[in-house]
């Protein structure tokens, strides 16, 4: 059952088209990802869905409501973590929870939420004294305090260290496991691959593909990549002549062979026949990053 | 984080019960009580408040103690400077709160995304304005009471003889200046700009309120201009009430017009982000 339906969304700011033509549906209980480089229109899209912005054209339905006409009904049922939003500097953690829980007809237990997010010891800490990770966890707590049916998380882990990022991912899975639908906006390929049940690849204001992470990867031709250091020099043609190989490239120290099918066996057999030993051999699967490059001809954001 | 699932469990059980939804709900009053309490606490934590609050009391003490302003003078019809100086002092604090405190709070709330965050909850952003208004009203009432108490006990300055007229003038002066503060917050591109505009607007407005030329000292020409400024009209209306008459309708009308017209323009121009 679809909880969000977006059709032909279009939004421009002056001459700049932020969202050109975006359509997707989100099913109840899934983690739906919106993945794309910075400036692709991801945030504008979710802000239209949240009712913060008015689209120029297209239709949006959230839990059966139009976010512009029935904004209040939508806002009571969704929880939002905004990309750039803070709290007053001197507001304490527990005060923020108490305040935000008073906004909803059926709030969750704020103290328990803080406990589960590891913020109990920070209850009396003012917002500006929290670390980036703590502020982010508080933002998640505030997004959940109204008992939402849908949680929107926008660039949730940007600016977090790797450990905090992984902790946050675990948290997002726990949210989903309890039946809350999660819409996750991100430009981290790894995050989308790890968390999302389905995801929309967005580039230049358009959805270029919409599938499961595995489905997106399988669309890319040449599913395998071999990296190794050759023990002795060899002629590339012995590999490019193989039907499994699509490309052979060299970095300063490594040979990179891309191909598909039974690539590993074909390459190692051929090399063994010429007495070439592939040292430090690694096999890499194509990932979402490759899928994105294949689908758009561009790279995703630089990974941090 | 292991207990997390239990909270969400409870969340799911209760979130879809229609009985918990009181009608359409979410009117302007949603969250107003908590927001007001929260804004009040935040204001008390602001060190600038103590400064704003102590200035008027200090002025009363200084002008009440100095021989030139604390003794009867023919310039004031045999009364004292201090007897005419409470309305300018009160309007000055109103000006400071509306033009500096309010504008910087709203500008920083906007710049830091606090207003946007509120806009995605069931609370209407206008509710935050009302909360701010209530907090300002409460603090101004407190400081005014302290000013009147100090002036009364230490320097024998009488209470306003037309007390209801005074309260009315005081209230209208606050809401009209609140509207001016909102307009500045609405048009200023940044918090710094808002504070700058507020400060620039502050001096002519308190001049017209008679901070430098209280009561009988104000030249007639300036008094004519003052009649049509929010702090001037407020100051004169309060002075009339002090002297025992109901404020002139002109002054009350000026304050009401400022409130409605400026308030309406501000509400049209105000941006939440």
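Treating each Cα of the stretch B:153-230 as an identical point scatterer and ignoring solvent, apply the Debye formula and state log10 I(q)/I(0) at q = 0.11, 0.17, 0.23 Å⁻¹. These q points yield log10 I(q)/I(0) values of -0.41, -0.87, -1.15. Measuring max minus min along each principal axis, the C-alpha atoms of chain B give extents of 79, 36, 35 Å (largest first). Maximal additional length on extending the residue A:279-residue A:211 stretch stands at 20.8 nm, based on 0.36 nm per residue less the C-alpha distance.
By other beta-carbon atoms within 10 Å, ranking A:279, A:171, A:130 with the fewest at the front produces A:279, A:130, A:171. The simple Förster model, with R0 at 22 Å and r as the Cβ-Cβ distance, assigns residue A:166 and residue A:131 a FRET efficiency of 0.85. Label sites at residue B:54 and residue B:267, each approximated as a point 7 angstrom past Cα along Cα to Cβ, lie 3.9 nm apart.
The ratio of the alpha-carbon radius of gyration of chain A to the globular-protein estimate 2.2 N^0.38 Å is 1.21.
The convex hull built on the alpha-carbon positions of the stretch A:148-270 has an orientation-averaged projected area of 11.1 nm².
A simple spin-label model places pseudo-atoms 7 Å from Cα toward Cβ; at residue A:293 and residue B:41 they are separated by 5.2 nm. When only Cα pairs below 8 angstrom with a gap of at least 6 residues are kept, the stretch A:2-218 shows a relative contact order of 30 percent.
For chain B, take the longest principal axis of its alpha carbons; what is the angle in degrees between that and the long axis of helix B:191-208, to the nearest 10 within 0 to 90? Compared with the principal axis, the helix lies near 30 degrees. Listing A:187, A:16, A:260 from fewest to most neighbouring C-beta atoms within 10 Å gives A:16, A:260, A:187.
Given an 8 Å cut-off on Cα distances and at least 6 residues of separation, report the relative contact order of chain B as a percent. Rounded, it is 25 percent for chain B. Measuring between their Cα centroids, the stretch A:170-206 and the stretch B:62-85 lie 72 Å from each other. Remark: relative contact order (the stretch A:224-285) = 50 percent; criterion is Cα-Cα distance under 8 angstrom and separation of 6 or more residues.
Each of A:56, A:109, A:235, A:154 was scored by other Cβ atoms within 10 Å of its Cβ. Listed from fewest to most, they are A:235, A:56, A:109, A:154. For residue B:79 and residue A:7, a Förster radius of 51 Å and the Cβ-Cβ distance give a FRET efficiency of 0.10, rounded to the nearest 0.05. Could you tell me which of rounded, prolate or oblate describes the stretch A:224-285, using a ≥ b ≥ c as the square roots of the eigenvalues of the alpha-carbon gyration tensor, with rounded for a/c under 1.5 and, failing that, prolate when a/b is larger than b/c and oblate otherwise? Because its axes are fairly even, with a/c under 1.5, the stretch A:224-285 counts as rounded. Distance from the C-alpha centroid of the stretch A:268-287 to that of the stretch B:39-54: 71 Å, rounded to the whole angstrom. Computed from Cα positions, the angle between helix A:263-273 and the longest principal axis of chain A comes to roughly 30 degrees.
What the Kirkwood sum gives for the protein assembly as shown is a hydrodynamic radius of 28.0 Å, with every pair of different alpha carbons counted.
The Rg/Rh ratio of the stretch A:65-200, with both radii computed over alpha carbons and Rh defined as the Kirkwood radius, is 0.95.
Which angle from 0 to 90°, rounded to the nearest 10, does the C-alpha axis of helix A:162-177 make with the longest principal axis of chain A? Here the helix axis deviates by roughly 70 degrees.
Placing a label point 7 Å from the Cα of residue B:156 along the Cα-to-Cβ direction, the residues of the stretch B:67-88 whose backbone N falls under 19 Å of that point are B:67-86. Over the residues of the protein assembly as shown, the helix contribution to mean residue ellipticity at 222 nm works out to -15000 deg cm²/dmol, using -39500 (n - 2.57) for each DSSP H run of at least 4.
Read-outs throughout are calculated quantities, based only on the coordinates presented, and are distinct from any laboratory measurement. What you are looking at is a predicted structure, and each value in this text was computed from that prediction instead of being measured. With ideal geometry, Cβ positions are generated from the backbone for all residues, glycine too; neighbour counts draw on all protein chains shown.
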